[in-house]
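See structure below.
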Amino acid sequence: MKHGKKYRAIAEKIDMTKEYELSEAIAMIKGNASAKFDESVEAHIKLNIEPKKNDQQVRATVVLPHGTGRMKKVAVVTSDKAKEKEAEAAGAVLVGGEDLIAQIKEGKIIPGSAFDILLATPDMMPKLATVAKILGPKGLMPSPKNETVTAKIAETTEMLSKGKKASFKNDDGGNVHQVIGRLSFDTAALLENANTFFDTVQKSKPEGVKGKFVKSVVLAATMGPGIRVNLQ
């Protein structure tokens, strides 16, 4: 893959054989920004797991103190009128009960376009079964595993809509990827977000994994080269 002049110029400043301290890596990423937009700062972690083994799957949720910088459109399904008001006040773009489910079923509301995340109170899960084939393929079916089935509607809606709460899981290559902020964030905020994410990943180590869990860590801006990070 060929990269542009700006990318190559930044890459020449990085020692690809070296693992940088986290603060140093963030400073380099911020200091070498080249895009005309506010790039995301991404963390990519290579894990010592066998992705095909069910007992070595990594799936967790992280609450980033300063958010990702990405606003999310949250929809809420509940039968509780009080929680509907809580959801609206917390920033939900769509709120309803069986009427909302019916509109999804009829194609009047398009998941992934009208909303990015769907929250549901536990009592609504049996009713959501009628649209599981619509929500499931788009990864929008509420689930206790990613904490989108909850009674804490106001708190969860606010965190998700502001990008503070994010779910991650390993890919087929045994890696996890997560946006930890934007270049416009100050260094202290990116450091805190990064450390929170790294701590959450370490705590998600499956019991079946022996030895060192994290093989390598790389930080990068959206349009920039990766910088290897030493977390020791």
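The range 3-117 holds helices (runs of 4 or more DSSP H) entirely within its bounds, and those carrying 2 or more residues that are assigned by TED's automatic domain parsing to the domain that holds A220 and closer than 22 Å to D186 by Cα map to 22-31. Looking across the range 1-59 at every residue that is among the aliphatic types (A, V, I, L, M) and touching a Leu at 6+ places or on another chain (Cβ under 8 Å), the one that is farthest from N195 (Cα to Cα) is identified as A33.
Filter the range 3-41 for residues that are under 22 Å from the mean Cα position of the chain (by Cα) and aliphatic (A, V, I, L, M) and give the result.
Listed by number, the residues that qualify are L22, A25, I26, I29, V41.
Kindly evaluate T157 against the criterion of being among the hydroxyl-bearing types (S, T, Y), in a helix (DSSP H, G or I) and more than 30 Å from A221 (Cβ to Cβ). It is false that T157 is among the hydroxyl-bearing types (S, T, Y), in a helix (DSSP H, G or I) and more than 30 Å from A221 (Cβ to Cβ). The single condition among (1) under 29 Å from A221 (Cα atoms); (2) exposed (fewer than 14 other Cβ atoms within 10 Å of the Cβ); (3) hydrophobic (A, V, I, L, M, F, W, C) that A82 does not meet is (1). Being at pLDDT below 95 and of a type in the set (A, V, I, L, M) holds for only one residue in M124, M223, and it is M223.
Residue-level analysis places M141 among those that are of a type in the set (A, V, I, L, M, F, W, C), part of a loop (DSSP other than H, G, I, E, B) and either modelled with pLDDT of 95 or more or buried (at least 20 other Cβ atoms within 10 Å of the Cβ) (or both). Remark: pairs (first residue in the range 153-164, closer than 17 Å to P142 by Cβ; second residue in a helix (DSSP H, G or I) and among the basic types (K, R); Cβ separation under 9 Å; 6+ apart in sequence or on different chains) = I153/K83; A154/K83. Residues that are assigned to a strand (DSSP E or B) and among the hydroxyl-bearing types (S, T, Y) were ranked within the range 164-220; the one that is modelled with the lowest pLDDT is S167.
The condition of being of a type in the set (K, R) and buried (at least 17 other Cβ atoms within 10 Å of the Cβ) holds for only one of K5, K72, that being K72. The residues in the range 1-30 that are within 21 Å of L231 (Cα to Cα) and not basic (K, R) can be counted, and the count is 15.
Here is a check on your reading of the model: is V229 closer than 28 Å to E50 by Cβ, in contact (Cβ under 8 Å) with a residue 24 or more places away in the chain, touching a strand residue (DSSP E or B) at 6+ places or on another chain (Cβ under 9 Å) and not in a helix (DSSP H, G or I)? Judged against the criteria, V229 is a match. Tallying residues that are modelled with pLDDT of 95 or more and charged (D, E, K, R) within the range 25-49 yields 2.
The values are calculated or read from the model by the stated rules, or taken from the named source; none is laboratory data. The model shown is predicted, which means the values in this text are computed figures rather than measured ones. Note that we place each Cβ from the backbone using ideal geometry, even for glycine, and neighbour counts take in every protein chain shown.
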